[in-house]
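The values are calculated or read from the model by the stated rules, or taken from the named source; none is laboratory data. Note that the structure is predicted; figures quoted are calculated from it, not measured. Note: ideal-geometry Cβ built from the backbone for every residue, glycine included; neighbour counts use all protein chains shown. Ligands, DNA and RNA are excluded from the accessible area calculation, which covers all protein heavy atoms including side chains. Shrake-Rupley method; radii C 1.70, N 1.55, O 1.52, S 1.80 Å.
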Amino acid sequence: MNNTLKRIAFLLFLCIRGKGGKIGILYCFIVLVLNLVEIQLAIRMISWNKDFFSALEKYDAHAALWQIGIFGLVTLAGALQFLLASYIRQLVQIRWRTTLTRASLERWFADKAYWHLNTDENSQLDNPDQRISEDCRIFVDRLTGKGLDLFTGIIGLATYLTLLWKLSAFPIVFTLFGTEIVIEHYLVWAAPVYVLISSGLTHWMGAPLMQLNVIAQHREADMRFALARLRESREAIALENGETAENDIIEKRYGRIIENWRHRINREFILGLFTRPYYMTVLRIPLFLAFPAYLAGFVALGGLMQLGSAFTRLVTTLSWFIFSYKELAELSATANRLSSFMHQAEAIGKQSSPLAVSSSPDNRLCIRNLTVRNPSGQNLLHIPELVVTAGEAVWIDGPSGIGKSTLLKALSGIWPYCDGEIALPAGKILFMPQKAYLPLGSLAECIAYPGKPGDTTSIRQLLKKVGLTCPRHDAQLEQAGEIGSDYRLSGGEQQRLMVARILAAQPKWVFLDEATSSLDACAEEQLYHLLRTSLPDTGFIVIAHREPKGLGQYRRIDLWSSSGQPGRHTLTHAIA
């Protein structure tokens, strides 16, 4: 419980600290004031019960009609109070969800934590997209709902206790085992005992729901991930007739949802065996407990209804835990998941790397004693020393699986399983992966990524240079949407677009990982020639199985491994 409260406090601090978050405190204060108004209206309704039923008891039609008018006014005021409080509460939710989402994204992007969390085999984190989107929403919704209700309930509890103490100024007398027992203000003592026993039973029956809710969130997210992956890979699945296999994968994940669902409904049924009768009787039990005072002649009918109403308010306030148990379980599970995500993202981004990365004083790429490993610790390759000068072109060749792409990740600083020394050159450096990434947006935004698009004239010229000139591409130039989907751009078109991105960025160094593998040899040579002539002073590091014809003069680095000696390499110079 203490850990959960600490996590809730941590997330609440993040909500308040962000831009626009502090004004949320003012909004919460206004909601609390409006809730205090609700308490005063409730007290007025308690008094109304006495006045109205006393009028009925006396057959006073005029007084009864007057009380009906008062009832209408109090009801109208209560409706306005509820609507205002609900509206302002949602303003708080907008602000705090925004600040909490930004705090989550900040930690996710900082030091490329989004990448390292996926490569860390010890990390128990899954579905970070759910953490950022769904959990931020649920946490703020439950916190501003049940959290504010708790503060209001504490104030209301003191108010209703004082009122009930004043109204129940009479004892209950009964005999137990031959001893006469007298309990003064017995209604005041009956309420907390009644609710305390009920709350204990609720927690005992419903405690497993907390863990079942956590599991449910995980399995629902796994299902969504499988469906999203199916949508992204639809072409490959369609070509390989993989519908049956994909259906089996989804069915398996759905089956795990159903399994957990059955456990949850069984537990909710067990909990409901107590809570449902409690909900149905909580408004009547107070009247039954106050009934002896009426029979004893301590109160008239109007007083009985007033006592019952006051007792009901007290019991309802004390029953906050019972009424809120399911939402509290969800708040606890969400706070644990979200805070765990943030702490893991923050911690993994600050981990020190054994790889010493520095800036090259002479604008060269210098590698010394670099060892690259896979996540299990096995050596992939070792480079004692390699120096690449500015404007030079280098072709890195070698068999599949030797670690060529991993070497590129190590040079970019995102691969944690390596050590040695790397001195990176100054100026803009561009790393291009084998699978082209096209962000959501227009074609112009894809070309300019990660920067902002310039004028459309220059972008059209770039498209023409890389061979992407047709009415469809021209229409997509400023059209927003999922331009990067395989359905809209073929693999070859995507790689041509990556070449246009390089030309738009004008980098000083370019690292290419099979960036032209989807193109035919003739088109590949034309694009390499375009890059070399357009960027004559740019250094190119090309990882490819085919010779990069069109780059002009280059140096070839052949990475190879022999039996028992993984990761050896040879250097061979060649002229294209």
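Tabulated results
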read-out	value
Test: residue in the range 38-52 that is open to solvent by less than 50 Å² (accessible area, probe 1.4 Å) and over 25 Å from residue 85 (Cβ atoms)	yes
Counted residues, the range 247-272 - those being aromatic (Phe, Trp, Tyr) and either over 30 Å from residue 318 (Cβ atoms) or open to solvent by less than 80 Å² (accessible area, probe 1.4 Å) (or both)	2
Residue 112, sole failed condition from (1) buried (at least 19 other Cβ atoms within 10 Å of the Cβ); (2) under 30 Å from residue 413 (Cβ atoms); (3) modelled with pLDDT of 75 or more; (4) not hydrophobic (A, V, I, L, M, F, W, C)	(1)
Meets criteria (out of contact with any Lys or Arg (no Cβ under 8 Å at 6 or more places or on another chain) and either within 30 Å of residue 325 (Cα to Cα) or in contact (Cβ under 8 Å) with a residue 24 or more places away in the chain (or both)) for residue 273	yes
Any hit, the range 325-347, residues being more than 30 Å from residue 117 (Cβ to Cβ) and in contact (Cβ under 8 Å) with a residue 24 or more places away in the chain	yes
Residues satisfying the stated conditions in the range 338-367, i.e. among the polar types (S, T, N, Q) and in a loop (DSSP other than H, G, I, E, B)	351, 352, 353, 360, 363
Candidate set from the range 299-337 (those that are in a loop (DSSP other than H, G, I, E, B) and open to solvent by 20 Å² or more (accessible area, probe 1.4 Å)); member that is farthest from residue 202 (Cα to Cα)	300
Residue 439 being in contact with a Ser or Thr (Cβ under 9 Å, 6 or more places away or on another chain) and modelled with pLDDT under 85	no
Residue match in the range 172-184 (condition: in contact with a helix residue (DSSP H, G or I) (Cβ under 7 Å, 6 or more places away or on another chain) and in a helix (DSSP H, G or I))	no
Test: residue 224 is open to solvent by 50 Å² or more (accessible area, probe 1.4 Å) and farther than 30 Å from residue 94 by Cβ	no
Residues of the range 368-414 that turn out to be hydrophobic (A, V, I, L, M, F, W, C), assigned to a helix (DSSP H, G or I) and surrounded by fewer than 19 Cβ atoms within 10 Å (Cβ to Cβ), as a count	0
Odd one out for residue 30 among (1) among the aliphatic types (A, V, I, L, M); (2) touching a residue at least 60 places away in the same chain (Cβ under 8 Å); (3) open to solvent by 50 Å² or more (accessible area, probe 1.4 Å)	(2)
Qualifying residue in the range 58-65 (condition: open to solvent by 80 Å² or more (accessible area, probe 1.4 Å) and part of a helix (DSSP H, G or I))	yes
Residues of the range 415-433 that turn out to be over 22 Å from residue 378 (Cβ atoms), open to solvent by 40 Å² or more (accessible area, probe 1.4 Å) and of a type outside the set (A, V, I, L, M), as a count	4
Contacts under 6 angstrom Cβ, first residue in the range 292-303 being of a type in the set (Val, Ile, Thr), partner at pLDDT below 75, 6 or more apart	299/293
Single unsatisfied condition, residue 362 versus (1) surrounded by fewer than 15 Cβ atoms within 10 Å (Cβ to Cβ); (2) within 42 Å of the chain's Cα centre (by Cα); (3) within 30 Å of residue 539 (Cβ to Cβ); (4) at pLDDT 80 or above	(2)
Test result for residue 230, in contact with a His (Cβ under 6 Å, 6 or more places away or on another chain) and at pLDDT 80 or above	no
From 244, 275, residue being loosely packed, with under 11 Cβ neighbours inside 10 Å, on the phi < 0 side of the Ramachandran plot and of a type outside the set (A, V, I, L, M)	244
Filtered residues of the range 415-444 (kept if in contact (Cβ under 8 Å) with a residue 40 or more places away in the chain, part of a loop (DSSP other than H, G, I, E, B) and within 31 Å of the chain's Cα centre (by Cα))	415, 416, 417, 433, 434, 436, 437, 438, 439, 440, 442
Among residues of the range 518-576, those that are assigned to a loop (DSSP other than H, G, I, E, B) and at pLDDT 75 or above, counted	16
Residue list for the range 69-105, filter: among the hydrophobic types (A, V, I, L, M, F, W, C) and open to solvent by 90 Å² or more (accessible area, probe 1.4 Å)	73, 76, 80, 82, 83, 84, 94
Tally, over the range 120-171, of residues that are at pLDDT 80 or above, among the small types (Gly, Ala, Ser) and open to solvent by 50 Å² or more (accessible area, probe 1.4 Å)	1
Output for the range 228-241, where each listed residue is open to solvent by 80 Å² or more (accessible area, probe 1.4 Å) and under 25 Å from the mean Cα position of the chain (by Cα)	229, 231, 232
Qualifying position, being open to solvent by less than 80 Å² (accessible area, probe 1.4 Å), outside any helix (DSSP H, G or I), under 18 Å from residue 527 (Cβ atoms) and at pLDDT 85 or above, among 467, 492	467
Residue tally, condition buried (at least 19 other Cβ atoms within 10 Å of the Cβ), farther than 30 Å from residue 44 by Cβ and modelled with pLDDT under 75, over the range 172-205	0
